[in-house]
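Here the structure is laid out as structure tokens; the discussion comes afterwards.
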Amino acid sequence: MSDDRAGRGRTPRPPGTFKVGTVAGSDVLVSGSWFLIAGLIAVITAPAIEKAEPGLGDLKYVAGLALAVLLYLSVLAHEASHALMARRYGLPVSHITLQFFGGVTSIEGEPEKPRQEFWVSVVGPLTSLGVALVAFLAYLAVPGGLIGLAFSGLAWTNLLVGIVNLVPGLPLDGGRILKAAVWGASGDIHRGTIVAAWGGRVVALLALGWPFLAAKVLGGQPTVIDFVFAGVISMFLWSGATAALESGRVRSRLPYLVARDLARRTLTVPGETPLAEAVRRAQEAQAGSIVTVTASGIPVGVVNESALMSVPVDRRAWVPISSVARTLDDGLRLPAGIGGEDLIRAISARPAGEYLLLEIDGSIFGVLSTADVDRAFRATA
């Protein structure tokens, strides 16, 4: 089980999923892969069901599907606890997805404090362990048969889910708990992500040895299915840890991006100024950008460099500068002090080539080019 943190806008619904309801204020989606695992559970549990309730015939597969639904309801409880805790800390949750590997809670944004990260993460495994305890007590209180088998399976499965998710490595919940611990100790959230991601890679490698460990503990010899299952789990953990590691490395460089430091000196001219004259003035002023203004000095547009360069030199004396300027709509005016992830979110929400940077008093500070942002970001790598 894991939660997916998205820091830029609303997380889109994953392809190949459909909504089955709403829990904890979030849409519950089911992936097509869920039907595959539900079918596998039905086939795998059929012999045990036949033993617990002899004479069911083909209905044992229907009972197996019912058991799969029951198990995934406990997965839903695990994910809903993540969603409820996230909402408590003001983090929107777009949806919960039930899929092949369990469930994913799509949380938008990041907790502001390590303590919040810890509780949002740990509540899932604690819920699974709680379900395991309740199911075990119910198993002791009821006779055997199919109901007893269901409670037994629910108890053991949730015990395993709870313990595994406390393993300290991303993308598992335990990885986020480790992230919170490192974040709290170092004061650096990105360091916490990187350490927890490396922990996830170690766990992924250890998962390859699970068949040998299981054979030693339970007896017998590991089968091909055991190795295939271990390989799939290892690949899942490795890919999740690698994605988290790259994200941590990228986001650790974002604080070095500050709009004020990247701004180009700006020349302001009336919109009717001929393009050739505006360029001449900009060259004299050593300005790297041009902003069009009204007669009263109010900025109304920022000249697009690509559009300007596309105008032939012999025509520039007859073309007004406003024809190559982009109107300053919402999102194209940014505070000069914006930086880091706030800057990336702002330019991602309103993609453009240039943005007007304003001081707190509303005066023009300069123009920010996305090309300059890209170059600065690469330089920090």
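Place a +1 charge on the Cβ of each Lys and Arg in the chain and a -1 charge on the Cβ of each Asp and Glu, then give the dipole magnitude about the Cα centre in debye, rounded to the nearest 20. Show your work: numbers first, answer last.
Working: 32 positive and 30 negative charges, 80 e Å.
Result for the chain is approximately 380 debye, rounded to the nearest 20.
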How large is log10 of I(q)/I(0) for region 174-216 at q = 0.25 Å⁻¹ when the intensity is taken from the Debye formula with one equal scatterer per alpha-carbon? -0.74
With charges set only on the Cβ (+1 for Lys and Arg, -1 for Asp and Glu), what does the dipole of region 167-254 come to about its Cα centre, in debye to the nearest 20? 280
Given contacts defined as C-alpha pairs under 8 Å and at least six residues apart, what's the relative contact order of the chain, whole-number percent? 11
Hits in region 63-87: amide N under 15 Å from the 7 Å Cα→Cβ extension of residue 46, namely 63-68
Within 10 Å, count the other beta carbons around each residue, average over each peptide in 369-380, 195-206, 250-261, and list them highest first. 195-206, 250-261, 369-380
The chain: calculated mean residue ellipticity at 222 nm from DSSP helix runs of at least 4, using -39500 (n - 2.57): -18500 deg cm²/dmol
Radius of gyration and maximum dimension Dmax of region 7-122, Cα, Å: 17.2, 57
Among 247, 234, 267, which residue has its Cα positioned farthest towards the positive end of the charge dipole of region 147-267, with +1 placed on the Cβ of Lys and Arg, -1 on the Cβ of Asp and Glu, and the dipole taken about the Cα centre? 267
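What size of dipole, in debye to the nearest 20, comes out for region 213-335 about its Cα centre when the only charges are +1 on Lys and Arg C-beta atoms and -1 on Asp and Glu C-beta atoms?
300
Per the Kirkwood formula on distinct C-alpha pairs, the Rh of the chain is how many angstrom?
Evaluated over the chain, this radius sits at 24.6 Å.
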Once residue 272 and residue 352 are pulled to full extension, the length gained, defined as 0.36 nm per residue separation minus their Cα-Cα distance, is 26.5 nm
Computed curve, region 110-245, Cα-only Debye sum without solvent term, log₁₀ I(q)/I(0) at 0.19, 0.20 Å⁻¹, is -1.06, -1.09
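Given R₀ = 51 Å, what would the calculated FRET efficiency be for residue 69 paired with residue 253, taking r from the Cβ atoms and rounding to 0.05? Show your work: numbers first, answer last.
Details: r = 45 Å, r/R0 = 0.88.
For residue 69 and residue 253, the calculated efficiency is 0.70.
How high is the FRET efficiency from residue 89 to residue 22, r the C-beta distance, R0 25 Å, rounded to 0.05? Before the final figure, lay out the partial values.
On the way: r = 20 Å, r/R0 = 0.81.
Efficiency at R0 = 25 Å is approximately 0.80.
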Given points 7 Å out from each Cα along the Cα-Cβ axis, report the residue 61 to residue 235 separation in nanometres with one decimal. 2.7
By average C-beta atoms within 10 angstrom, highest first, the peptides 358-366, 334-342: 334-342, 358-366
Cα-based Rg/(2.2 N^0.38 Å) for region 243-346, rounded to two decimals, is 1.32
Which value in nm describes the separation of the simple spin-label points at residue 142 and residue 228, placed 7 Å from the Cα toward the beta carbon? 3.2
Candidates 60, 216, 179: whichever shows maximal mean-square fluctuation once the chain is modelled as a Gaussian network with Cα springs under 10 Å: 216
Sorted from fewest to most neighbouring beta carbons within 10 Å, what does the list 348, 247, 26 look like? 348, 247, 26
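For the chain, give the share of DSSP beta bridges that are antiparallel, in percent and rounded to the nearest 5; count only bridges with both residues there.
Given both bridge residues lie in the chain, the antiparallel proportion sits at roughly 60 percent.
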Once the Cα gyration tensor of region 124-199 is found, what semi-axes does its equivalent ellipsoid get, as square roots of 5 times the eigenvalues, in whole Å, sorted largest first? 36, 10, 5
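Can you give me the span-like helices of the chain, meaning DSSP H runs with 18 Å or more of Cα extent along the axis and Kyte-Doolittle mean at or above 0.5? Provide the component values of the computation, followed by the final result.
Numbers: long enough: 33-52 (28 Å, 1.49); 59-88 (43 Å, 1.00); 114-141 (41 Å, 1.17); 145-164 (28 Å, 1.77); 173-186 (20 Å, 0.22); 189-207 (27 Å, 1.13); 224-253 (44 Å, 0.81).
Span-like helices in the chain: 33-52, 59-88, 114-141, 145-164, 189-207, 224-253.
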Could you work out how far the C-alpha centroid of region 44-101 sits from that of region 113-169, in angstrom? 12
Positive-end residue, the chain charge dipole about Cα centroid, Cβ charges, pick of 149, 159, 49: 159
In the chain, with Lys and Arg counted as +1 and Asp and Glu as -1 at Cβ, which of these residues, 121, 196, 72, has the Cα nearest the positive end of the dipole, that is, farthest along it? 196
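Divide the volume of the convex hull of the Cα atoms of region 167-254 by its number of residues and quote the answer in cubic angstrom per residue.
74
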For the pair residue 283 and residue 202, the simple spin-label estimate (label points 7 Å beyond Cα toward Cβ) gives in nm 6.1
Gain on full stretching of the segment that runs from residue 242 to residue 134 - 0.36 nm per residue minus C-alpha separation: 35.3 nm
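Values in this text are rule-based calculations from the coordinates and carry no lab data. On a predicted model such as this, the values are computed, not experimentally measured, just so you know. With ideal geometry, Cβ positions are generated from the backbone for all residues, glycine too; neighbour counts draw on all protein chains shown.
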